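The values are calculated or read from the model by the stated rules, or taken from the named source; none is laboratory data. None of the values given here were measured: they were computed from a predicted structure. Every residue, glycine as well, gets a Cβ built from its backbone with ideal geometry; the counts of neighbours run over all protein chains shown.
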Amino acid sequence: MLINRHFKTTILSIFILITTSIIEDKLFAQAVNDTSIIRQINLDQLIITADRTPVMFEQLKRSIQVISKKEIEQMPVRNISELISYAMNTDVRSRGSFGMQADINIRGGSFDQTLILLNGMNISDPQTGHHNMDIPVDLASINRIEILKGPGARVFGPNAFNGVINIITNQKVDDQLSVSAMGGQYGLYSLSASIIKSFGNTSNNLQISKSVSDGFIYNTDFRTLNIFYNGTTGKTQKLEYQAAYIQKAFGANSFYTPHYPDQYESTKTVFASIRYKTGFKGFSPSVYFRRHYDEFRLFRNAAPSWYITHNYHYTDVVGSNANIYFTTGNHGKLSVGYDVRHELIRSNKLGDSLADPIQVKGVEGTFYTLGKARTSAGLFVEESINLSKFSVSAGLLASYLSALPGKVALYPGADAAFQLNKNFRIYGTANRTLRLPTFTDLYYNDPTSKGDPNLKPEEAISIEAGLKFNKPGIIANAAVFKRYGKNMIDWVKLQDQDPWQAMNVTNIDVVGFESSITLKIEELSGNKSFIKTVTFNYTYLKANKSSDEFMSRYVLDILKHKADLLIYHQMWRNFSASWALSYQDREGGYYKYMSTGYETTETPYKPFVQIDIQLNYTHKNWMVFAEATNLLNTENVDYGNVPQPGRWIRTGIRFNTLLKNHKG
């Protein structure tokens, strides 16, 4: 059986819960008229959804960065990982180019500590965070990206350890058709098409894209296919649904060990979700499903005699969540809700022995012989009070985790903010968080890496204080924070001694400072300007431990200093340009791998500056662009011994037109 009895029971429970909620709501939704919700919808203010109860941007009590569609269009980037790399206090450590495998770290955390949402649905991978960025959406289909800095467990449950990224696709836009093509060095080409079309109360958004490259050096080639659809039906009460498929195949030169540079990996992801917006006090129950296939080859071509088989895995995730809020007194709002998620893996490498092995589809004589399953179920409650100048929220998530010895974990937290004057707002937060080990952390075992099935969950308490400034033409903020980490999970080893081992590296505390300022020059001056927008970010991080006594693969090699400068300006008539400059200084180092083995002296990560540029020409419905990443051809290292591309030049064209809405 592909899905065990426990898995079937979870699906049935979720279905009953959703169905019951919908039936109950139908009985009284028509009689309810919540004017506070109507006022929110009518306002032009941006509503932030990366919070338990959606709030206006100006009321935020936490560090949440919003990257708008306009900002996305102005950036010299072509995929989500490149875009996020320029966000404040994010660290994108790439292996493959063009986002083939990109690890997203926030505030000095590891890639497994960042939760990824697509339109509010959890698409993170339980096998390993290396697959979290298998996101089947092109930049052109994104409306905005919300990045929550710091713990999100109180809002989104376990594994929202150090940050949450919510990718929101196009919403409330006119019917339109868009096609684009891009080509560049190293045999690169990319084709994309999307259509947004409404029929009565039903809107539809379909996007298809394909990208291919021969690779910048041997065994760095890739090909991807994305298909994404989302739609809505209804007015006051709505159904929102989405379905996606993504396929990747890429040369993984030295990805996991430089011993074997001929590695290769292919993945497939199927995802679907549905949400029912009842129109009653924010009650919007949802259910989602994700299946992910992963095939990893240590030897892409000729394999030695001792190499028996490739690694095959698939994971199933099914989940559901909903919340509802009520007015309490004149200024309060009480939110309550639930979140259920079941994760299952079948593998020939990860988990415990299966009683009945399962045939790997399309691979004769190969079976999934191992597997594991776990469930998390949470109930939350949060009270928010908003006065004229002061606002505060406090809440608790009680979570049942089948993988924990004690089964139940509590995540308390509180946020507060005070409006000093029209433009300045100060805030402070304190939250507890937890992350379960991935199936790779627990069970992976080969000649170069060894997991530990007895790993403890990571735990942390984070505190933060910040200042926000907002006026026409200027948005600025600054924050200081500290994370007290316990049982942090890392892959470590002693210099040149194999293997890498998953380990709880006792307590690791991280302290940091982050700041950002965006200037909209024309809005600020009231006059036409050559320069349109300027954004500058600077972050500093420091951990209380270093990797002196052992080699750290992830946790201790944090970005100590990171500074980003983004400039968008008009050149002449329809010509414009955008520049992105990033300075990065990474803590720690690595041991260079030579043909004779690892060097005995650690090589520190060197600071570097990278510049990306994009030139645009727009005329009516057309845009022609040319861009270069790593313009200065700077040598940089994200992971020790993993090759990174130098200068990469590409050019393309995009056509976008509105569609006429014919009434039948």
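Summed over the range 374-402, residues that are more than 13 Å from residue 339 (Cα to Cα) and without any contact (Cβ under 8 Å) to a residue 40 or more places away in the chain total 5. Across the range 625-664, the qualifying residues are those that are of a type in the set (Gly, Ala, Ser) and part of a loop (DSSP other than H, G, I, E, B), and the one among them that is nearest to residue 185 (Cα to Cα) is 646. State which residue is farthest from residue 440 (Cα to Cα) when the search covers only the range 499-522 and only residues that are of a type in the set (A, V, I, L, M) and assigned to a strand (DSSP E or B). Filtering the range 499-522 for residues that are of a type in the set (A, V, I, L, M) and assigned to a strand (DSSP E or B), the one farthest from residue 440 (Cα to Cα) comes out as 519.
Applying the criterion of being among the charged types (D, E, K, R), farther than 24 Å from residue 436 by Cβ and in contact with a strand residue (DSSP E or B) (Cβ under 9 Å, 6 or more places away or on another chain) to the residues of the range 469-522, the residue that is modelled with the lowest pLDDT is 496.
Within this structure, residue 291 passes the test of being closer than 18 Å to residue 129 by Cβ, out of contact with any Lys or Arg (no Cβ under 7 Å at 6 or more places or on another chain) and among the basic types (Lys, Arg).
Kindly indicate whether any position in the range 436-455 is of a type in the set (Ser, Thr, Tyr), over 30 Å from residue 493 (Cα atoms) and within 25 Å of the chain's Cα centre (by Cα). No, because not a single residue in the range 436-455 is of a type in the set (Ser, Thr, Tyr), over 30 Å from residue 493 (Cα atoms) and within 25 Å of the chain's Cα centre (by Cα). In the range 229-247, the residues that are β-branched (Val, Ile, Thr) form Cβ pairs under 6 Å with partners that are part of a strand (DSSP E or B), at six or more places apart or across chains, as follows: 232/203; 232/238; 232/240; 233/202; 233/239; 246/226; 246/269.
Checked against the criteria, residue 640 counts as within 25 Å of the chain's Cα centre (by Cα), touching a residue at least 40 places away in the same chain (Cβ under 8 Å) and either within 19 Å of residue 94 (Cα to Cα) or surrounded by fewer than 14 Cβ atoms within 10 Å (Cβ to Cβ) (or both). Hey, among 295, 343, which residue is buried (at least 19 other Cβ atoms within 10 Å of the Cβ), at pLDDT 95 or above and among the acidic types (Asp, Glu)? One residue alone meets the criteria, 343. Given the conditions (1) within 30 Å of residue 643 (Cβ to Cβ); (2) buried (at least 16 other Cβ atoms within 10 Å of the Cβ), and given that residue 304 satisfies all but one, which numbered condition is not satisfied? With respect to (1) within 30 Å of residue 643 (Cβ to Cβ); (2) buried (at least 16 other Cβ atoms within 10 Å of the Cβ), residue 304 is out only on (2). Evaluate the range 524-532: report whether one residue or more is buried (at least 17 other Cβ atoms within 10 Å of the Cβ) and part of a strand (DSSP E or B). Yes, the range 524-532 has at least one match. The condition (being farther than 27 Å from residue 95 by Cα and of a type outside the set (Gly, Ala, Ser)) is satisfied by just one residue among 248, 268, 172: 172. Within the range 316-344, if we keep just the residues that are touching a Lys or Arg at 6+ places or on another chain (Cβ under 7 Å) and not acidic (Asp, Glu), the residue that is farthest from residue 365 (Cα to Cα) turns out to be 327. Among residues of the range 191-210 being more than 17 Å from residue 658 (Cα to Cα) and of a type outside the set (Gly, Ala, Ser), the one that is surrounded by the fewest Cβ atoms within 10 Å (Cβ to Cβ) is 201. The set of residues in the range 556-579 that are under 28 Å from residue 105 (Cα atoms) and in contact with a helix residue (DSSP H, G or I) (Cβ under 9 Å, 6 or more places away or on another chain) comprises 566, 568, 578. Surrounded by fewer than 20 Cβ atoms within 10 Å (Cβ to Cβ) and either in contact (Cβ under 8 Å) with a residue 24 or more places away in the chain or of a type in the set (S, T, N, Q) (or both), is that true of residue 465? Answer is yes for this residue.
Within the range 256-269, the residues that satisfy the criterion of being closer than 28 Å to residue 207 by Cβ and over 17 Å from the mean Cα position of the chain (by Cα) are 264, 265, 266, 267, 268. Scanning the range 219-266 for residues that are among the small types (Gly, Ala, Ser) and part of a strand (DSSP E or B) yields 231, 234, 243, 244, 249, 251, 266. In the range 340-435, counting only strands (runs of 3 or more DSSP E) that sit wholly within it, the ones holding 3 or more residues that are under 16 Å from residue 316 (Cα atoms) and small (Gly, Ala, Ser) span 367-386. Among the residues of the range 404-425, those identified as closer than 30 Å to residue 379 by Cα, surrounded by 14 or more Cβ atoms within 10 Å (Cβ to Cβ) and more than 22 Å from the chain's Cα centre (by Cα) are 404, 409, 412, 413, 414, 415, 416, 417, 418. Restricting attention to the range 312-333, does a residue exist that is out of contact with any strand residue (DSSP E or B) (no Cβ under 7 Å at 6 or more places or on another chain) and of a type in the set (A, V, I, L, M, F, W, C)? No, the conditions are met nowhere in the range 312-333. Looking across the range 267-320, just one residue is of a type outside the set (A, V, I, L, M), assigned to a strand (DSSP E or B), without any contact (Cβ under 8 Å) to a residue 60 or more places away in the chain and farther than 25 Å from residue 346 by Cα, and that is 277. Taking the range 143-190 as the range and being of a type in the set (Asp, Glu) and either under 14 Å from residue 122 (Cα atoms) or surrounded by 15 or more Cβ atoms within 10 Å (Cβ to Cβ) (or both) as the test, the residues that pass are 146, 175.
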